[in-house]
1. With a Förster radius of 25 Å, plug the Cβ-Cβ distance of A:H150 and A:A216 into 1/(1 + (r/R0)^6) and report the FRET value to the nearest 0.05.
2. So if I take the centroid of the Cα atoms in the range B:35-97 and the same for the range A:40-76, what is the distance between those two points in Å?
3. What is the magnitude of the charge dipole of chain A about its Cα centre, with +1 placed on the Cβ of each Lys and Arg, -1 on the Cβ of each Asp and Glu, and no other charges, expressed in debye to the nearest 20?
4. For chain A, calculate the relative contact order in percent as a whole number, restricting contacts to Cα pairs under 8 Å that are 6 or more residues apart.
5. Picking from B:V367, B:L482, B:M382, whose Cα lies most toward the positive end of the charge dipole for the range B:298-561 (charges on Cβ: Lys, Arg +1; Asp, Glu -1)?
6. Going by how many other Cβ atoms sit within 10 Å of their own, how do B:V126, A:V100, A:V165 line up, fewest first?
7. For chain A, with equal point scatterers placed on the C-alpha atoms only and solvent neglected, what are the log10 I(q)/I(0) values from the Debye formula at q = 0.17 1/Å, to two decimals?
8. Among B:L180, A:L160, which comes first, then next, by fewest other beta-carbon atoms within 10 Å?
Amino acid sequence: MSLLPAPLAPIRPAFLTRVTPVARLTAGMIWLVAAILTLDPAVPARLVVAACVALVLCSGLPLRRIPGRLAPLGLAILSLTVFSILLSGSNADRSIAAIVELGPMRITGPAVSAGLAVGLRVVVIGLTTLLVFGPSDPTRLADSLVQQWHAPDRFAYGTLAALRVAPFMAGDWATIAAARRLRGISPGGVTGRAREFGDRLMVMLVSSIRRAERLALAMDARGFDSGIRRTHFRELRVGWRDLLTVAVALAVAAAALALPR
Amino acid sequence: MTTAGPALDRQPADEGIGTSSEPRAPGGPPSVRAAGLGWTYSGRTRPAFQGLTFELEPGRVLLVLGPSGSGKSTLARALAGLVPHVLPGSWRGHLRIGEMDVAATPARVLGERVGLVFQDPDCQLVMARVDDEVAFGLENRGWPRERMQARVPESLRQVGLAGFGRRGTATLSGGEKQRLAIADILAAQPSLLVFDEPTANLDPPGMYATVEQLAALARRREHTIVLVEHRLEAALPLADDVLLLDDEGRQLAFGPAGSVGRGAVALLERSGAWVPQAWRGAEPRLDAAPQPGTAGAGSSMGRVLLDATDLQVDYPADEEGSHRALDGVSFRALAGERTAIVGPNGSGKSTLLFALAGLRRPDRGSVRVRALAAGGEPVEEMRDPSRLRAEEIARRIGMVFQDPELGFVARTARDEVLATDGATRARGRRGGADTPPPDSDGVLARFGLGHLAGESPFQLSQGEQRRLSLAGLVLRPPAVLLLDEPTFGLDRRGTEAVIRLLDELRETGQAQLLATHDPRLLPACDRVVALDRGRIVFDGEPARFLAEPPYSPPGPWRGGVVPTEAAR
């Protein structure tokens, strides 16, 4: 009874599924840096367009399921944008003409622009995350981090094992809540609920540690981190696709920054 | 390392089952010799096992039998070098695998020759994809890529998972996962294979397939095999030698499997094993449960306590569209009736329990449940459990989860017994009512937990936890008790204890529903409801179910778990 949706996986091979995860990570970081460099909403807007084009043309991800997956983010984006607009300092500046004026509340052009810039940046983060992590499973990312960036095995594959256990934790949480409801436990009030949350967390912690210990033991039994130099089943070679991906990401970021409004 | 070196340079040949062209591991399968072997985990006073002295010849199959807590799993860990090299504790005596002294050989070297399969498939698979999973152990041992690419599909073929390489490990059934775990260890070509209750967490088809796999390995005689298992009828035909342990982890007996059998029933029973019914003669056991209607609560017996009509539960869309977990299930539970809910993994058993408990509101259909008043008389009003307040639901429905640990609500066993009752008493006091405190220690004593009253529930063994989760329901028994795999991982004595306690709870007129994979529980039930792909495919008496299970093949569901051709 897992609560977490299965991660989005590519439904057909595409250009980005053949790019090594580290190259996608680099390209994604370039876009994120570009998106936060200026307060001009045009830059993240251009990157959003570019990211959508990349998602459609070369991610291989199931497009129809993307909007649903980004929906929770949408709420955050909306509230961030609205509050940034309402709370912008330029609204108080009487020398700037207001677009909207309702009693004491004024909204100015620069406020709208700053708010949009904040909201669009979060959209860029969401879409870029999909482009970086969507096209291959986490195992490839761990392989890529170890083989290309020489991350320590224990860190990369340990994290991977933890990711595999995460859906079980969601299931455990649901079971704990169910069990406590059926035992008639439903504390009222803020402190009661806070204590109840702590108690549930405590049960989950105990059970997660047990699970992690068993998994660690199984990994040890199969010779993990036993001092032998680890080899790799799947080879990740830097190819022209990786270079092209990073180059295109750079070019797009530069264009987004440099183009006149 | 000198012994393991040559194996890495050898090109593995094709090794489908039946062709036995696998290059022998260096020196062939090893012998296993223990002398005065003992182990105490650090922080414990009682040894996990002690004084083990036995000698297993190369290429033979040793079956280790013992009750829960007898140190069987620890012995399996010792053979793989996890004890003493990974887990802390103190070691006594000697354990030799071939020429290697386990205590003096680094885990890395032991790991080259020993493969260990654990009980729970979900706690030993590391990778997201099947081929990566098989390669994981080889990567750790530094195999060159070309050899891994040849070896991974071979190992998968060997356990009947050819072509599964690109599948996600999460999409496999329990039996497939366990066979994958076997492929994982076979890949590294160990010469000693250790299996720690490999079938305990599987449904009947998965168990059947795993036993078949073990039988094929045993027949090939290319490995020395140590099998920890308490399903005697499945494991004994595979064994050459048997090691029996008692509660304290002491050796009761060691000898050829042929000498253990009908003549040794008493000894086997002391070791907590499931002795086949046929060996015990007429002596009944699990099916000795009292019949409904004979119990104390008299008039309420047979009245409807829970009524579910036309339940449909859909899970949200994934890649293949939405998934219908329950499809038009109608079901009534009667007071004093014990019903087993059976079916393969994914047939909807857990979903049904969750829907009946009001934890998952059905997409169509309804669930209504009533409470039992003090005298066992049903309260008239039928209510929808998903709309009840928590304190109202506790009188109507109780649930024991597969992992009882997740359901504990208190810091000590004593408080666990008082918890449900305490919640109501607190409210009762507000109304001025003041009843004497209930005898929680008496309840614990009846459940064999008297000495653990002050312990944390999380410190107890699996069997004790299960009993405690039932003890927590005694002071105010719910009208309907739902149990998800109540005997998972328990040995015979643990199972019998659970049934005895269920009998006691049923005296109150309680209706009990058990989702179970264990055919041995069915004779202790009044009724069997069998599910397949979300629909009820059978509803009737256990005897009729066992005679003609509505599944194909029916064999595994009858409890005859050994594929006949597997017995040598």
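Read-outs throughout are calculated quantities, based only on the coordinates presented, and are distinct from any laboratory measurement. Since the structure is predicted, the reported quantities are computational estimates derived from the model, not experimental observations. Every residue, glycine as well, gets a Cβ built from its backbone with ideal geometry; the counts of neighbours run over all protein chains shown.
1. 0.60
2. 57 Å
3. 600 debye
4. Values: 260 pairs, mean separation 86.3, N = 261.
Computed over chain A, the figure is 33 percent.
5. With unit charges placed on the Cβ atoms, the residue in question is B:M382.
6. If I rank by nearby Cβ atoms, fewest first, I get A:V100, A:V165, B:V126.
7. Computed log10 I(q)/I(0) values: -1.24.
8. Lowest to highest Cβ neighbour count: A:L160, B:L180.
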